[in-house]
Amino acid sequence: MTTLAVVGLLLAYIKYAPLYPRHAYLSGWVLFAAMLFLTFFNLRKRVPFLRLGSASFWLQLHLYVGIFSGALFFVHIGGSWPAGIFHQLLALIYVVVFVTGVLGLWISRAFPRMLTVAGYETPFERIPYARRNLREEAEALVLAGVDGQTSPVIAEFYSRKLGMFFTRPYNRWAHLRQSRAPQAAHVSQFDEVQRYARRGEGEMLDKLRDLVARKHMLDYQYSLQSALRLWLFAHIPLSYSLLIFSVLHIILVHAFSGSVS
């Protein structure tokens, strides 16, 4: 349905635009109404008594109107990038809002599914505490050593390769790309150390492997959950900025009769 509406709008623009030179006024007002509706979607989530219908219904409607607004925007600017710094900035903000909206659609649908497939999901606010617990457990394991004595081989390995790894999130972009290269690198490092391990150190290395694997999973969850939050922090404020700039645009258009788009 949305595709048909977009195609119909573009065909109508091609056929009737030459006959109505001031068509930008009509498309502009319809586009502004669409932007008001799209902004209303966020307000609806904040005001309980405005929650009419299911969240999934409003999300789908938000998606359809957002896509249709892209065609309206194309019609409104006449298929060419506008002139003037203000109008170029307004157009740029719209394009960024539209692109982040499309990106957010994919993120909001794909990332939760990825987190579910990965297994147990740690709440975002608890991740720093979980990371600290893993670091303390790893450090206690290394300091305890074998038979009460610290293993020089494992202590050096931990200091050079793993110490910083447990202090903060790592490999964010690799996790977002679903790459397992960081995990493979640590497996290779463990296998190398295992060759020089004495009897009794192997068990300690296995426990350390498990802690590293859990830290990778924690970083994976942090990467996806932070991306979900960062997207909202980018898309929503830009949407309000777009609305403000649009109001200024309307005022300018009606203040100066020569400015149509």
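I'd like to know if the range 112-130 contains one or more residues that are more than 17 Å from the chain's Cα centre (by Cα), part of a loop (DSSP other than H, G, I, E, B), modelled with pLDDT under 85 and farther than 15 Å from Y220 by Cβ. Checked against the condition, which is being more than 17 Å from the chain's Cα centre (by Cα), part of a loop (DSSP other than H, G, I, E, B), modelled with pLDDT under 85 and farther than 15 Å from Y220 by Cβ, the range 112-130 yields no hits at all. Filtering A197, A174 for residues that are in contact with a Ser or Thr (Cβ under 9 Å, 6 or more places away or on another chain), over 30 Å from I107 (Cα atoms), surrounded by 15 or more Cβ atoms within 10 Å (Cβ to Cβ) and among the small types (G, A, S) leaves a single hit, A197.
If W81 satisfies all but one of (1) part of a helix (DSSP H, G or I); (2) surrounded by fewer than 17 Cβ atoms within 10 Å (Cβ to Cβ); (3) in the same structural domain as S239 (by TED's automatic domain parsing), what's the number of the condition it fails? Answer for W81: the failing condition is (1). The condition of being outside the structural domain of M114 (by TED's automatic domain parsing), surrounded by fewer than 17 Cβ atoms within 10 Å (Cβ to Cβ), within 30 Å of V117 (Cβ to Cβ) and over 34 Å from the mean Cα position of the chain (by Cα) holds for D191.
In summary, helices (runs of 4 or more DSSP H) completely within the range 143-261 and bearing 2 or more residues that are closer than 30 Å to V95 by Cβ occur at 172-176, 201-255.
Could you tell me whether Y240 is closer than 24 Å to F98 by Cβ and loosely packed, with under 13 Cβ neighbours inside 10 Å? Considered against the rule, which asks whether it is closer than 24 Å to F98 by Cβ and loosely packed, with under 13 Cβ neighbours inside 10 Å, Y240 comes out as yes. Candidates S159, S108: the one that is under 23 Å from M217 (Cα atoms) and assigned by TED's automatic domain parsing to the domain that holds I67 is S108. Please tell me if F86 is in a helix (DSSP H, G or I), modelled with pLDDT of 85 or more and either surrounded by 14 or more Cβ atoms within 10 Å (Cβ to Cβ) or outside the structural domain of Y220 (by TED's automatic domain parsing) (or both). Against the criterion (in a helix (DSSP H, G or I), modelled with pLDDT of 85 or more and either surrounded by 14 or more Cβ atoms within 10 Å (Cβ to Cβ) or outside the structural domain of Y220 (by TED's automatic domain parsing) (or both)), F86 qualifies.
Condition first: surrounded by 17 or more Cβ atoms within 10 Å (Cβ to Cβ), at negative phi and modelled with pLDDT under 90. Can you find one or more residues in the range 205-218 that meet it? Yes, there is a match, as at least one residue in the range 205-218 is surrounded by 17 or more Cβ atoms within 10 Å (Cβ to Cβ), at negative phi and modelled with pLDDT under 90.
Summed over the range 31-73, the residues that are at pLDDT 80 or above and surrounded by fewer than 16 Cβ atoms within 10 Å (Cβ to Cβ) give a count of 4.
The values are calculated or read from the model by the stated rules, or taken from the named source; none is laboratory data. Computed from a prediction, not measured in an experiment: that's the story for all the values here. Cβ sites come from the backbone with ideal geometry, for glycine too, and all protein chains shown count toward neighbours.
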